[in-house]
1. Quote the charge dipole size of the range 1-110 about the Cα centre in Debye, to the nearest 20; the model charges only the Cβ of Lys and Arg (+1) and of Asp and Glu (-1).
2. So, with a 1.4 angstrom probe, what is the percent of accessible area on the range 7-128 that is carbon and sulfur?
3. Quick query: amide H of Val6 versus all other amide H atoms, modeled in the peptide plane; which residues come in under 5 Å with a sequence gap of 5 or more or a different chain?
4. Using θ = phi - 60° and the Karplus curve 6.51 cos²θ - 1.76 cosθ + 1.60, what whole-Hz ³J(HN,Hα) does each residue of the range 64-76 get, with Gly and Pro shown as x?
5. Modelled label-to-label distance, Arg192 and Arg74, 7 Å Cα→beta-carbon offset: nm?
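The values are calculated or read from the model by the stated rules, or taken from the named source; none is laboratory data. Keep in mind that what you see is a predicted model, and the values were worked out from it rather than measured. Methodologically, a virtual Cβ is constructed for each residue, glycine included, from the backbone with ideal geometry; neighbour enumeration extends over all protein chains shown. When the accessible area is computed, the model is the full protein with side chains, heavy atoms only, and any ligands, DNA or RNA have been set aside. Shrake-Rupley method; radii C 1.70, N 1.55, O 1.52, S 1.80 Å.
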Amino acid sequence: MNVAAVVKVWDPAVRLGHWLLVALFATAYVTGEGESEVHVYAGYGVLGVVALRLLWGFAGTRYARFAEFLRGPRETLAYLKSFAAGRPAHYLGHNPAGGYMIVLLLAMLLATVWTGLETYGAQGKGPLAKGLPAAAAIAPAYADSGERVKVKRRRSAAERFWKDLHEGFSNVTLLLALLHVAGAIAASVVHRENLVRAMITGYKLRAPPQ
(Lines give C-alpha, C1' and ligand atoms only; values in the text may rest on other atoms or scores of the structure.)
Protein backbone atom coordinates (compact mmCIF):
# COMPACT_ATOMS: atom_id res chain seq x y z
CA MET A 1 0.00 0.00 0.00
CA ASN A 2 1.28 3.46 -0.90
CA VAL A 3 2.07 5.20 2.40
CA ALA A 4 1.22 8.57 0.91
CA ALA A 5 -2.27 7.32 0.08
CA VAL A 6 -3.24 6.50 3.66
CA VAL A 7 -3.64 8.45 6.89
CA LYS A 8 -3.88 7.40 10.53
CA VAL A 9 -7.49 7.91 11.60
CA TRP A 10 -8.44 5.59 14.45
CA ASP A 11 -6.34 5.85 17.59
CA PRO A 12 -5.61 2.78 19.77
CA ALA A 13 -8.32 3.72 22.30
CA VAL A 14 -11.04 3.77 19.63
CA ARG A 15 -9.89 0.50 18.08
CA LEU A 16 -9.44 -1.34 21.37
CA GLY A 17 -12.77 -0.04 22.68
CA HIS A 18 -14.53 -1.12 19.48
CA TRP A 19 -13.30 -4.71 19.60
CA LEU A 20 -13.74 -4.97 23.37
CA LEU A 21 -17.39 -4.00 22.98
CA VAL A 22 -17.81 -6.63 20.27
CA ALA A 23 -16.30 -9.32 22.50
CA LEU A 24 -18.04 -8.24 25.71
CA PHE A 25 -21.50 -7.84 24.18
CA ALA A 26 -21.21 -11.18 22.37
CA THR A 27 -20.15 -12.84 25.63
CA ALA A 28 -22.98 -11.24 27.58
CA TYR A 29 -25.53 -12.16 24.91
CA VAL A 30 -24.63 -15.86 24.69
CA THR A 31 -24.43 -16.22 28.49
CA GLY A 32 -27.71 -14.44 29.18
CA GLU A 33 -29.73 -17.53 30.04
CA GLY A 34 -29.64 -18.55 33.69
CA GLU A 35 -27.73 -16.89 36.49
CA SER A 36 -24.27 -16.62 34.98
CA GLU A 37 -21.53 -14.59 36.66
CA VAL A 38 -19.82 -14.36 33.27
CA HIS A 39 -22.91 -12.56 31.96
CA VAL A 40 -22.87 -10.12 34.87
CA TYR A 41 -19.18 -9.28 34.60
CA ALA A 42 -19.41 -8.95 30.82
CA GLY A 43 -22.19 -6.43 31.39
CA TYR A 44 -20.02 -4.47 33.82
CA GLY A 45 -17.29 -4.55 31.18
CA VAL A 46 -19.65 -3.14 28.56
CA LEU A 47 -20.63 -0.33 30.93
CA GLY A 48 -16.98 0.54 31.59
CA VAL A 49 -16.01 0.60 27.91
CA VAL A 50 -19.08 2.64 26.91
CA ALA A 51 -18.36 5.17 29.67
CA LEU A 52 -14.77 5.55 28.47
CA ARG A 53 -15.93 5.86 24.84
CA LEU A 54 -18.35 8.62 25.78
CA LEU A 55 -15.56 10.46 27.58
CA TRP A 56 -13.23 9.94 24.61
CA GLY A 57 -15.95 11.31 22.36
CA PHE A 58 -15.39 14.71 23.96
CA ALA A 59 -11.74 14.60 25.02
CA GLY A 60 -10.20 12.20 22.51
CA THR A 61 -8.31 12.58 19.27
CA ARG A 62 -9.82 14.37 16.29
CA TYR A 63 -11.68 11.54 14.57
CA ALA A 64 -12.84 10.02 17.88
CA ARG A 65 -14.82 13.11 18.83
CA PHE A 66 -18.58 13.30 18.35
CA ALA A 67 -18.24 16.83 16.98
CA GLU A 68 -16.17 15.42 14.12
CA PHE A 69 -18.68 12.85 12.85
CA LEU A 70 -22.15 13.96 13.99
CA ARG A 71 -23.46 15.95 11.04
CA GLY A 72 -26.66 17.91 10.51
CA PRO A 73 -29.78 16.42 8.88
CA ARG A 74 -29.10 18.10 5.54
CA GLU A 75 -25.56 16.75 5.22
CA THR A 76 -26.64 13.31 6.40
CA LEU A 77 -29.46 13.17 3.87
CA ALA A 78 -27.11 14.33 1.11
CA TYR A 79 -24.68 11.57 2.04
CA LEU A 80 -27.42 8.91 1.96
CA LYS A 81 -28.54 10.12 -1.47
CA SER A 82 -24.97 10.02 -2.80
CA PHE A 83 -24.51 6.57 -1.29
CA ALA A 84 -27.69 5.27 -2.94
CA ALA A 85 -26.48 6.71 -6.26
CA GLY A 86 -23.18 4.82 -5.88
CA ARG A 87 -21.12 8.01 -5.63
CA PRO A 88 -20.88 8.65 -1.88
CA ALA A 89 -18.94 11.54 -0.41
CA HIS A 90 -15.73 10.33 1.22
CA TYR A 91 -15.05 10.96 4.92
CA LEU A 92 -11.83 10.11 6.71
CA GLY A 93 -13.68 9.48 9.97
CA HIS A 94 -17.18 8.07 10.34
CA ASN A 95 -19.53 9.06 7.55
CA PRO A 96 -22.76 10.81 8.72
CA ALA A 97 -24.85 7.62 8.68
CA GLY A 98 -22.17 5.65 10.50
CA GLY A 99 -21.77 8.41 13.07
CA TYR A 100 -25.42 8.28 14.07
CA MET A 101 -25.29 4.49 14.19
CA ILE A 102 -22.38 4.70 16.66
CA VAL A 103 -24.33 7.01 18.96
CA LEU A 104 -27.44 4.83 18.70
CA LEU A 105 -25.45 1.70 19.53
CA LEU A 106 -23.85 3.37 22.55
CA ALA A 107 -27.28 4.51 23.77
CA MET A 108 -28.75 1.03 23.35
CA LEU A 109 -25.79 -0.58 25.11
CA LEU A 110 -26.34 1.77 28.05
CA ALA A 111 -30.06 0.93 28.11
CA THR A 112 -29.24 -2.78 28.01
CA VAL A 113 -26.78 -2.51 30.89
CA TRP A 114 -29.14 -0.32 32.93
CA THR A 115 -32.05 -2.75 32.63
CA GLY A 116 -29.67 -5.61 33.39
CA LEU A 117 -28.59 -3.87 36.60
CA GLU A 118 -32.23 -3.28 37.50
CA THR A 119 -32.95 -6.97 36.96
CA TYR A 120 -29.98 -7.89 39.12
CA GLY A 121 -31.10 -5.37 41.72
CA ALA A 122 -34.60 -6.88 41.83
CA GLN A 123 -32.89 -10.13 42.82
CA GLY A 124 -31.27 -8.31 45.74
CA LYS A 125 -27.85 -8.19 44.07
CA GLY A 126 -25.55 -5.60 42.56
CA PRO A 127 -25.36 -1.82 43.03
CA LEU A 128 -29.10 -1.30 42.47
CA ALA A 129 -30.21 -3.91 45.01
CA LYS A 130 -33.09 -2.73 47.16
CA GLY A 131 -33.18 -3.50 50.87
CA LEU A 132 -36.12 -5.27 52.46
CA PRO A 133 -38.67 -3.09 54.25
CA ALA A 134 -38.17 -2.93 57.99
CA ALA A 135 -41.17 -5.16 58.67
CA ALA A 136 -39.61 -7.95 56.60
CA ALA A 137 -36.10 -7.48 57.91
CA ILE A 138 -36.81 -8.06 61.62
CA ALA A 139 -36.43 -11.40 63.37
CA PRO A 140 -38.67 -14.17 61.95
CA ALA A 141 -40.50 -14.52 65.26
CA TYR A 142 -41.80 -10.98 64.91
CA ALA A 143 -41.97 -10.55 61.17
CA ASP A 144 -45.31 -10.25 59.44
CA SER A 145 -45.47 -13.28 57.14
CA GLY A 146 -48.04 -11.51 54.97
CA GLU A 147 -45.64 -8.63 54.49
CA ARG A 148 -42.89 -11.05 53.52
CA VAL A 149 -45.12 -12.58 50.86
CA LYS A 150 -45.97 -9.14 49.51
CA VAL A 151 -42.28 -8.19 49.33
CA LYS A 152 -41.46 -11.43 47.55
CA ARG A 153 -44.25 -10.88 45.04
CA ARG A 154 -43.17 -7.30 44.40
CA ARG A 155 -39.60 -8.42 43.83
CA SER A 156 -40.72 -11.19 41.50
CA ALA A 157 -42.91 -8.82 39.48
CA ALA A 158 -40.11 -6.22 39.30
CA GLU A 159 -37.63 -8.85 38.20
CA ARG A 160 -39.93 -10.06 35.41
CA PHE A 161 -40.55 -6.49 34.25
CA TRP A 162 -36.86 -5.54 34.10
CA LYS A 163 -35.83 -8.89 32.66
CA ASP A 164 -38.30 -8.56 29.76
CA LEU A 165 -37.12 -5.01 29.13
CA HIS A 166 -33.49 -6.11 29.35
CA GLU A 167 -34.01 -8.89 26.82
CA GLY A 168 -35.84 -6.48 24.50
CA PHE A 169 -33.00 -3.95 24.59
CA SER A 170 -30.46 -6.76 24.11
CA ASN A 171 -32.21 -7.98 20.98
CA VAL A 172 -32.55 -4.47 19.55
CA THR A 173 -28.85 -3.88 20.24
CA LEU A 174 -27.98 -7.12 18.44
CA LEU A 175 -30.11 -6.06 15.47
CA LEU A 176 -28.36 -2.68 15.33
CA ALA A 177 -24.97 -4.38 15.56
CA LEU A 178 -25.85 -6.60 12.60
CA LEU A 179 -27.05 -3.55 10.64
CA HIS A 180 -23.79 -1.83 11.54
CA VAL A 181 -21.80 -4.77 10.15
CA ALA A 182 -23.93 -4.82 7.00
CA GLY A 183 -23.45 -1.06 6.61
CA ALA A 184 -19.67 -1.39 7.04
CA ILE A 185 -19.55 -4.08 4.37
CA ALA A 186 -21.72 -2.06 1.98
CA ALA A 187 -19.65 1.07 2.58
CA SER A 188 -16.45 -0.91 2.01
CA VAL A 189 -17.76 -1.99 -1.37
CA VAL A 190 -19.10 1.39 -2.44
CA HIS A 191 -16.12 3.37 -1.13
CA ARG A 192 -13.69 0.66 -2.31
CA GLU A 193 -11.80 0.53 0.98
CA ASN A 194 -11.70 -2.11 3.71
CA LEU A 195 -13.33 -0.47 6.72
CA VAL A 196 -12.95 -3.54 8.92
CA ARG A 197 -9.20 -3.55 8.30
CA ALA A 198 -9.12 0.18 9.02
CA MET A 199 -10.61 -0.46 12.47
CA ILE A 200 -7.79 -2.96 13.08
CA THR A 201 -4.83 -1.00 11.71
CA GLY A 202 -6.16 2.53 12.30
CA TYR A 203 -5.34 3.61 8.72
CA LYS A 204 -7.76 4.73 6.02
CA LEU A 205 -7.39 5.95 2.45
CA ARG A 206 -6.95 9.69 2.02
CA ALA A 207 -9.27 9.51 -0.98
CA PRO A 208 -11.24 6.66 -2.58
CA PRO A 209 -9.68 4.88 -5.59
CA GLN A 210 -10.64 6.41 -8.91
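1. In debye, rounded to 20, the range 1-110 gives about 700.
2. Taking all protein chains in place, the range 7-128 shows 69 percent carbon and sulfur surface.
3. Arg206
4. Going residue by residue, I get 8, 7, 4, 4, 7, 10, 8, 9, x, x, 5, 5, 5 Hz, with x marking Gly and Pro.
5. 3.1
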